[in-house]
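The values are calculated or read from the model by the stated rules, or taken from the named source; none is laboratory data. Just so you know, these numbers come straight off a predicted model, no measurement behind them. When we count neighbours, we look across all protein chains shown, and the Cβ atoms used for this are built from the backbone with ideal geometry, even at glycine.
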Amino acid sequence: MSREIPTAAPTHEKPYDNCSVVGVYSHSTDVVDTAYQGLVESNHRGQEGSGIVVGSKSRFAIQKDSGLAEIVFGVKHSLPRVKRAYVAIGHNRYSTSGSIAETQPFLEDGIAIAHNGNLTNITTLREKYNLPETIEGASSDTRMALAVINRMEGDEIHRIVTALPQFEGAYSFVFATKKGLVAARDPKGFRPLSLGKLKGGDGYVVASETSAFNSMGAEFVRDVMPGETLLISKEGLQTLALHKESQLAQCIFELIYIARPDSVVFGIPVMEFRKRQGAILARHLPPNIDVIMPVPRSGISASLGVAADHVSRGSTIEYSEGLYTNPYRGKRDGPRTFIRPSDRRIAATKKYSVIESEVRGKRIALVDDSIVRGSIEIIVQKLRDAGAIEVHLLVASPPLKHACYMGVDFGDNELIANQYPNQEERARKLGLDSLYHLSYAELMEAALGNPVSKRIQNPATLFEEHGYCGACFTGRYPISIEGVIKKIS
Ligand code: SF4
């Protein structure tokens, strides 16, 4: 779903994806509860709202509201129900503003829709089909996409299949119809979407990430292919369309930060990828380091990779989690809380607590997945206040410099790499003794599991040459962004 960038910056320091989707088709399983279980395990991708549509041959029911899935369906409401239900879809929403009316799924004329991604040509489609600015209070790309679909001729499935080739940008869609569950991924494969089979049941599930499958009682079958429109019905699985593109653009940030470490994304186990990032960072560890320390929680997987590499070489450098974050702070409002930059420092100060015994008198190598706007400065100061004698930072990705138009928000109007383009100046600004970022080639090495060819002439083309999008680092966008308003959710 999409919206213009807000004027105030969110508190979060990390990139945020804009949603997760789940879908279930089964005649022998409680499809609503299975969808709910999937949403609970997908809440890391969006905490602002949650919704489920459930359907049978003759009826649909919908329930959605603001908050985490467990709040929406365990506190505010019960699960929506219809008799003899066999299809359900669900959605977790990330948004930094916007009304509750934008919460998904949307339901109209026998089709329910849930979407992860960002459509970049919705303004053109709105004009082409003479659609209103808002429909029942919603103006997002997803709501307009459903309206476009329902301008097509024929039954539900035909309308979906006819409309999909008109959408540009990033999409992983799930649709509930009385004929069955439809899952579709854009031809460049920006966002993940995986298919699972219910264990001991007769049905299938789809989810943004495979980490949802365990609680859904499903096992991984395969990814929905980029460009594939897949129907799951009583006839089983049927690929309705497959629009292949020569150039994939899978979002590398899914692997770096967004996905859970227990997911397999784009065929890569996320934890293995992040430990490989760490092993590569270990080559750049400054001399005489006493302790390797993750920034909680985003730096843990990569820092384990740094530490494991050193243990394997007989090093005695300690690994310690000397920073503590209260997991209960900020859960009431989540990332929806908007604060002034001056207040952000206070929020970050409260967020991190230092375990002094792990820090005093030590030379510390901090590890984090990415640096967005530089709140790490507060952590560095806290470590120094607690007696650290050196603080170095190893970052498991290149500097973030460009906006994302494909559905990830990292508050790019305040990116520290743009404010301080010189790396030494940036390190000084953050109070660091040294700063190292993975290069483009090293990041691709972590994805591929092998060093990239040394013959590559232009490192900025590495991502596209290997089927990934890395535009937030390189500025080389895999789609036309001309005239696209910056959208963040
Ligand atoms: Fe992912 Fe960055 Fe590309 Fe956006 S610009 S899709 S965050 S790699």
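Report whether or not L448 is more than 15 Å from the ligand (Cβ to nearest atom) and either closer than 30 Å to A114 by Cβ or at pLDDT 90 or above (or both).
Judged against the criteria, L448 is a match.
Can you tell me which residue in the stretch 142-193 is surrounded by the fewest Cβ atoms within 10 Å (Cβ to Cβ), limited to those that are under 17 Å from the mean Cα position of the chain (by Cα) and of a type in the set (K, R)?
Taking the candidates together, the pick is K188.
Would you confirm, using the coordinates I've provided, whether G475 is within 12 Å of the ligand (Cβ to nearest atom), surrounded by fewer than 17 Cβ atoms within 10 Å (Cβ to Cβ) and in contact (Cβ under 8 Å) with a residue 60 or more places away in the chain?
Criteria met by G475.
Quick grid of which residues meet (1) within 25 Å of the chain's Cα centre (by Cα); (2) in a helix (DSSP H, G or I); (3) crowded, with 23+ Cβ neighbours inside 10 Å:
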{"site": "G38", "(1), (2), (3)": "yes, yes, yes"}
{"site": "G51", "(1), (2), (3)": "yes, no, yes"}
{"site": "I62", "(1), (2), (3)": "yes, no, no"}
{"site": "R84", "(1), (2), (3)": "no, no, no"}
{"site": "G90", "(1), (2), (3)": "yes, no, yes"}
{"site": "N118", "(1), (2), (3)": "yes, no, yes"}
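Inspect all residues belonging to the stretch 321-336 and state whether any of them is crowded, with 19+ Cβ neighbours inside 10 Å, within 21 Å of L366 (Cβ to Cβ) and at pLDDT 85 or above.
yes
Checking the condition more than 15 Å from the ligand (Cβ to nearest atom) and at pLDDT below 95, which residue from S375, S357, S434 passes? Reasoning before the result, please.
Numbers: S357 fails: at pLDDT below 95; S434 fails: at pLDDT below 95.
When all the criteria are applied, what remains is S375.
So which pairs qualify, if the first residue must be in the stretch 425-440 and surrounded by fewer than 16 Cβ atoms within 10 Å (Cβ to Cβ), the second must be of a type in the set (S, T, N, Q), the Cβ gap must be under 9 Å, and the two must be at least 6 apart or on different chains?
These pairs meet every condition: K429/Q419.
Only residues that are free of Cβ contacts under 8 Å to residues at least 60 places away in the same chain and either outside any loop (DSSP other than H, G, I, E, B) or within 12 Å of the ligand (Cβ to nearest atom) (or both): list them for the stretch 451-472, please.
Across the stretch 451-472, the qualifying residues are P459, A460, T461, L462, E465.
Quick one: would you say G299 is at pLDDT below 85 and in the same structural domain as V452 (by TED's automatic domain parsing)?
It is false that G299 is at pLDDT below 85 and in the same structural domain as V452 (by TED's automatic domain parsing).
Looking at G98 and the list (1) at pLDDT below 95; (2) touching a Gly at 6+ places or on another chain (Cβ under 9 Å); (3) in a loop (DSSP other than H, G, I, E, B); (4) not acidic (D, E), which single condition is not satisfied?
It fails just one condition, (2).
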